[in-house]
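Asker: My questions all concern the structure below.
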Amino acid sequence: GQSLEQPSEVTAVEGAIVQINCTYQTSGFYGLSWYQQHDGGAPTFLSYNGLDGLEETGRFSSFLSRSDSYGYLLLQELQMKDSASYFCALPNFNKFYFGSGTKLNVKP
Amino acid sequence: NAGVTQTPKFQVLKTGQSMTLQCAQDMNHNSMYWYRQDPGMGLRLIYYSASEGTTDKGEVPNGYNVSRLNKREFSLRLESAAPSQTSVYFCASSESPDSGNTIYFGEGSWLTVV
């Protein structure tokens with residue numbers, strides 16, 4: 001089966017850098033994705049890693065190590081609007097499995 | 001740019017009542033999904049449809065049924081609602097998940113069963 005583990009909550013200050021980790025177990029690997037969800041909103045796509053290494057999209061970067069079954073999302077120059085929940089997700093043959101989410105609190 | 005549209009946005013049901021959540025996407029996606037999200041938890045897959053005419057159970061299918069009416073529409077039915085089904089329900093679609101394609105979500109349906 002599939003499982004994903006990520007910390008439940010992280011707090012950081014505005015302007016700082018924060019890393020949200022995700023470890024996973026899966027029977028078939030098709031990549032690791034990251035989604036952002038603001039309170040009361042729908043999850044929206046942030047990033048995808050199909051191969052090992054770092055993917056950068058503006059202030060957000062995502063890293064994958066397939067040998068360690070591990071990935072992380074790196075948020076730089078934190079802004080108040082980054083306060084949200086972040087989910088790692090495994091696409092797996094016609095399904096997407098999501099972690100339980102990490103709530104990021106950004107403080108002034 | 002409607003994307004994924006689901007209705008209703010809010011609903012209160014009494015235990016034992018039935019209802020159907022409607023979902024439609026206008027992105028010509030093959031795959032559609034229904035997830036539920038409980039407070040402080042991630043998204044759990046209820047049912048999915050890999051293509052028009054097919055449906056399959058996800059992680060938590062008990063108490064639900066689905067219909068893939070056509071390529072655009074995928075409905076979720078609660079035949080006899082229970083308080084444990086109080087949740088936020090998200091419909092989603094993707095072109096295909098195998099290559100990591102993005103999954104697009106509707107705005108959610110807040111369901112309370114009393």
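Asker: State in Å² the accessible area per residue of chain A; use a 1.4 Å probe, count heavy atoms of protein chains only, and round to the nearest integer. Each step should come with its number before you reach the end.
Answerer: Details: 4950 Å² over 108 residues.
In whole numbers, chain A has 46 Å² accessible per residue.
Asker: Within the stretch B:1-112, what whole-number % of the accessible surface is contributed by carbon and sulfur, with the 1.4 Å probe and all protein chains included in the calculation?
Answerer: Whole-percent figure for carbon plus sulfur exposure: 46.
Asker: Okay, next question. Using a simple charge model, +1 on the beta-carbon of Lys and Arg, -1 on the beta-carbon of Asp and Glu, nothing else, what dipole does the protein assembly as shown show about its Cα centre, in debye to the nearest 20? The partial results should precede the final answer.
Answerer: Values: 15 positive and 20 negative charges, 128 e Å.
Rounded to the nearest 20 debye, it is 620 debye.
Asker: Solvent-accessible area per residue for chain B at a 1.4 Å probe radius, Å²? Show your work: numbers first, answer last.
Answerer: Values: 5170 Å² over 114 residues.
Accessible area per residue: 45 Å².
Asker: What average count of beta carbons from other chains do you get within 10 Å of the Cβ of residues in A:30-39? Don't skip to the answer; put the middle values down first.
Answerer: Working: counts 5, 5, 1, 5, 0, 5, 0, 6, 0, 0.
Mean partner shielding for this stretch: 3.
Asker: Leaving out ligands, DNA and RNA, what percent of the accessible area of the stretch A:14-108 is carbon and sulfur, probe 1.4 Å? Don't skip to the end; give the middle numbers.
Answerer: Values: 1990 of 4150 Å².
Here carbon and sulfur together make up 48 percent of the probe-accessible area.
Asker: Still on this structure: State log₁₀ I(q)/I(0) for chain B at q = 0.13, 0.21, 0.22 Å⁻¹ as given by the Debye formula over alpha-carbon point scatterers of equal weight, solvent excluded.
Answerer: Rounded to two decimals, the profile gives -0.43, -1.13, -1.24.
Asker: I would also like to ask the following. In Å and from the alpha-carbon atoms only, list the Rg and Dmax of the stretch A:1-96.
Answerer: Every Cα atom of the stretch A:1-96 included, Rg and Dmax give 13.1, 38 Å.
Asker: Additional query: Give the lysines whose C-alpha is closer than 19 Å to that of A:Lys103, dropping any in the same chain fewer than 8 places away, or say none.
Answerer: Hits, sequence-local ones excluded: A:Lys81.
Asker: I'd like the interface area for chains A and B: accessible area of each alone minus the complex, both sides summed, 1.4 Å probe, protein heavy atoms only. What is it in Å² to the nearest 100?
Answerer: Details: alone 5870 and 6080 Å², together 10130 Å².
So the total buried area for this chain pair works out to about 1800 Å².
Asker: To the nearest 20 debye, what is the magnitude of the charge dipole of the stretch B:37-112 about its Cα centre, counting +1 on the Cβ of each Lys and Arg and -1 on the Cβ of each Asp and Glu?
Answerer: Numbers: 6 positive and 9 negative charges, 28 e Å.
The dipole of the stretch B:37-112 has a size of about 140 debye.
Asker: Starting from the Cα of B:Glu79, step 7 Å toward the Cβ, then list every residue of the stretch B:42-64 with an amide N under 13 Å from that point.
Answerer: B:62-64
Asker: Which value in Å does the Kirkwood hydrodynamic radius of the stretch B:1-46 take, with 1/r averaged over all unlike C-alpha pairs and then inverted? Intermediate values should be presented prior to the final figure.
Answerer: Working: mean 1/r = 0.0774 Å⁻¹.
Computed over Cα pairs of the stretch B:1-46, the Kirkwood hydrodynamic radius comes out at 12.9 Å.
Asker: Could I ask something else about it? Can you give the Rg to Rh ratio of the protein assembly as shown, both from alpha-carbon atoms, with Rh computed by the Kirkwood formula?
Answerer: 0.97
Asker: Using only alpha carbon pairs under 8 Å that are at least six residues apart, calculate the relative contact order of chain A and give it in whole percent. Before the final figure, lay out the partial values.
Answerer: Numbers: 269 pairs, mean separation 39.6, N = 108.
The normalised contact order for chain A reaches 37 percent.
Asker: Okay, moving on. Output the peptides B:74-84, A:69-79, A:94-104, B:33-43 sorted from most to least packed, where packing is the average of other Cβ atoms within 10 Å over each peptide's residues. If you can, show how the numbers build up before the last one.
Answerer: Values: B:74-84: 16.4, A:69-79: 18.0, A:94-104: 21.3, B:33-43: 19.7.
The peptides rank, most packed first, as A:94-104, B:33-43, A:69-79, B:74-84.
The values are calculated or read from the model by the stated rules, or taken from the named source; none is laboratory data. Owing to the predicted nature of the structure, the values given are computational and were not obtained by experimental measurement. FYI the Cβ positions are ideal-geometry reconstructions off the backbone, even for glycines, and counts take in every protein chain you see. The protein model used for the area step is the full one, side chains on, heavy atoms only, and it has no ligands, DNA or RNA in it. Shrake-Rupley method; radii C 1.70, N 1.55, O 1.52, S 1.80 Å.
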